[in-house]
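Comments concern the structure below.
FYI, it's all coordinate maths here, none of it is from the lab. Treat the numbers as computed from the prediction; the structure is a model and nothing was measured. Positions of Cβ are backbone-derived with ideal geometry, glycine not excepted, and every protein chain shown enters the neighbour counts.
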Amino acid sequence: MSPDAPVLGAVVDAVADRIGAPGTAPLVLGICGSQGSGKSTLATALARHFEDAGVATAILSIDDIYLTLAEREALARDIHPLLRTRGVPGTHDIALGRNVLAQLDAGVATPLPRFDKAQDDRAPREEWDVSAPDTRLVILEGWCVGARPEAEQALVTPINALERDEDADSRWRTYVNTALGRDYPALFDRIDMLILLAAPSFETVFAWRTQQEHALRTATGRGMTDEQVTRFVFHYERITRHILAEMPGRADLVIRLAQDRSAVSIDS
């Protein structure tokens with residue numbers, strides 16, 4: 001699947017004007033989008049375009065800087081069982097992400113972390129890609145890239161069955177929200193330009209993720225059931241809804257998507 005030509009063209013035009021000359025710090029482009037919105041596809045197409053134009057480009061997915069399984073198991077034991085599940089703020093290694101960006105800023109060839117989702121753990125370092133020296137464009141993509149925390153009072157009322165039944169005292173969602181406000185700015189503040197791929201609704205996110213799992217089961221015989229998808233996506237619902245409500249007012253480029261992921265509008 002390729003991104004819409006108008007979307008790719010609009011992003012290329014916006015990014016090209018801001019890439020610095022060789023020897024300067026790379027432009028860090030943040031791409032935020034819910035599960036299934038096409039952010040990884042867009043990142044890959046952008047990297048291909050700029051590499052073909054002679055601009056060394058690196059992609060860092062926030063999915064690739066998850067804490068290790070052992071570290072998340074420790075969080076699950078010491079803080080809340082839901083923190084074993086990768087994905088929400090508090091389950092990423094922010095220091096690792098910052099170190100990667102610092103090395104890219106220094107213009108040196110940089111190992112780019114990779115996470116093995118099949119093993120639910122960080123891939124061995126020998127399996128990591130290495131960026132080119134003097135990388136001029138860094139694409140940081142992920143479902144919560146650039147997100148900001150909610151007001152504490154918003155956490156009081158559960159937003160779905162997962163929060164109601166498994167986080168009745170709001171300990172998990174409070175930890176997640178606190179981590180997002182305390183730790184993540186150190187990573188997200190390095191973003192020079194932020195793009196939001198805005199789903200038409202959170203209900204659409206369910207449909208997109210279900211489609212992905214159906215395709216995975218057809219291709220490999222593995223994948224989550226519809227019930228498992230529902231529970232998994234519940235982990236992301238609160239922050240995804242907050243992003244859709246709050247981020248359009250400050251993103252540099254907002255691409256509003258239809259159910260079929262085509263662009264309804266592109267606003268800067």
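See the values below:
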quantity: Odd one out for Ser37 among (1) crowded, with 19+ Cβ neighbours inside 10 Å; (2) in contact (Cβ under 8 Å) with a residue 60 or more places away in the chain; (3) assigned to a loop (DSSP other than H, G, I, E, B); (4) touching a helix residue (DSSP H, G or I) at 6+ places or on another chain (Cβ under 6 Å); calculated: (4)
quantity: Evaluation of Gly20 against (1) touching a residue at least 60 places away in the same chain (Cβ under 8 Å); (2) on the phi > 0 side of the Ramachandran plot; (3) surrounded by fewer than 16 Cβ atoms within 10 Å (Cβ to Cβ) (one fails), failing number; calculated: (2)
quantity: Number of the condition not met by Arg86 [criteria: (1) part of a loop (DSSP other than H, G, I, E, B); (2) in contact (Cβ under 8 Å) with a residue 40 or more places away in the chain; (3) of a type in the set (D, E, K, R)]; calculated: (2)
quantity: Residue match in the stretch 177-197 (condition: more than 30 Å from Gly20 (Cβ to Cβ), within 15 Å of the chain's Cα centre (by Cα) and surrounded by 13 or more Cβ atoms within 10 Å (Cβ to Cβ)); calculated: no
quantity: Complete set of residues in the stretch 116-152 that are crowded, with 19+ Cβ neighbours inside 10 Å and not in a loop (DSSP other than H, G, I, E, B); calculated: Arg122, Leu137, Val138, Ile139, Leu140, Glu141, Gly142
quantity: Count of residues meeting criterion [under 17 Å from Leu162 (Cα atoms) and without any contact (Cβ under 8 Å) to a residue 60 or more places away in the chain] in the stretch 225-268; calculated: 6
quantity: Answer from Leu42, Leu29 - the residue that is closer than 27 Å to Arg238 by Cα and part of a strand (DSSP E or B); calculated: Leu29
